[in-house]
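Reviewing the structure listed below.
Values quoted throughout were computed directly from the atomic coordinates according to the rules given, and no laboratory measurement underlies them. Computed from a predicted structure; not experimentally measured. Every residue, glycine as well, gets a Cβ built from its backbone with ideal geometry; the counts of neighbours run over all protein chains shown.
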């Protein structure tokens, strides 16, 4: 049972345009969400997070939006750069469960 | 800050041998460390959670006698794959949490690629 889903395994975007990565979850107990970026053969690196009490968090080119009623979050990257090409994982934290649940990842390719 | 290292980064071993992977938090104390496994083109699967000084909590389906986890100090956790078999070949990633920084964020190591021949 996948509690966190990223339905798009890959996304291709032109440099300078906006990248939108989507994530859906099913567990209403999730109260904190994170986005990680991962290069091959490396560990994930933290990008941005959002608490369930907010609906938007912005950090430079990265903005995360949370729609609790739809159990959906998205990561916007604007403008996209070739160096953003990586696999992006969304993750949800259930404080009661004390564990981080990852989505399947979306491979983003930003073309110069 | 919040750097996590893993050693070795890549190990090749013969079937039947045991392999130890180290995970260290370099500039903070990690009360909790997590071990993940990633199969090719798949997501990270949590294997176990370890708290310093206590036994690790394993996720369902993970053999605790095969994947021995020790969290002897606030900066070091080890994962030992015992009697490794080719199906244990995978990318193993650890992460650490620093409750003083955030109860939510985990800082990941660079991963260890295990190849069992």
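Values computed for the structure shown
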quantity	calculated
Qualifying positions in the stretch A:1-21 - in contact (Cβ under 8 Å) with a residue 60 or more places away in the chain, surrounded by fewer than 18 Cβ atoms within 10 Å (Cβ to Cβ) and at negative phi	A:2, A:3, A:5, A:8, A:9, A:10, A:11, A:12, A:14, A:15, A:17, A:18
Matching residues, the stretch A:53-112, being buried (at least 16 other Cβ atoms within 10 Å of the Cβ), in a loop (DSSP other than H, G, I, E, B) and within 14 Å of chain B (Cβ to nearest Cβ)	A:103, A:104, A:105
Selection within the stretch A:19-32 - more than 10 Å from chain B (Cβ to nearest Cβ) and either touching a strand residue (DSSP E or B) at 6+ places or on another chain (Cβ under 6 Å) or closer than 28 Å to residue B:23 by Cα (or both)	A:19, A:20, A:21, A:22, A:23, A:24, A:25, A:29, A:30
Selection count where residues are within 30 Å of residue A:49 (Cβ to Cβ), more than 10 Å from chain A (Cβ to nearest Cβ) and touching a residue at least 40 places away in the same chain (Cβ under 8 Å), scope the stretch B:63-91	7
Number of the condition not met by residue B:115 [criteria: (1) touching a residue at least 24 places away in the same chain (Cβ under 8 Å); (2) within 14 Å of chain A (Cβ to nearest Cβ); (3) under 30 Å from residue A:31 (Cα atoms)]	(3)
Tally of residues being surrounded by fewer than 20 Cβ atoms within 10 Å (Cβ to Cβ) and at the interface with another protein chain (Cβ under 9 Å from one of its Cβ atoms) across the stretch A:33-52	6
Filtered residues of the stretch B:7-23 (kept if surrounded by fewer than 20 Cβ atoms within 10 Å (Cβ to Cβ) and under 16 Å from residue B:110 (Cα atoms))	B:7, B:8, B:9, B:10, B:11, B:20, B:22
Residue B:101 vs. criteria closer than 24 Å to residue A:34 by Cα, more than 7 Å from every other protein chain (Cβ to nearest Cβ), buried (at least 19 other Cβ atoms within 10 Å of the Cβ) and in contact (Cβ under 8 Å) with a residue 40 or more places away in the chain	no
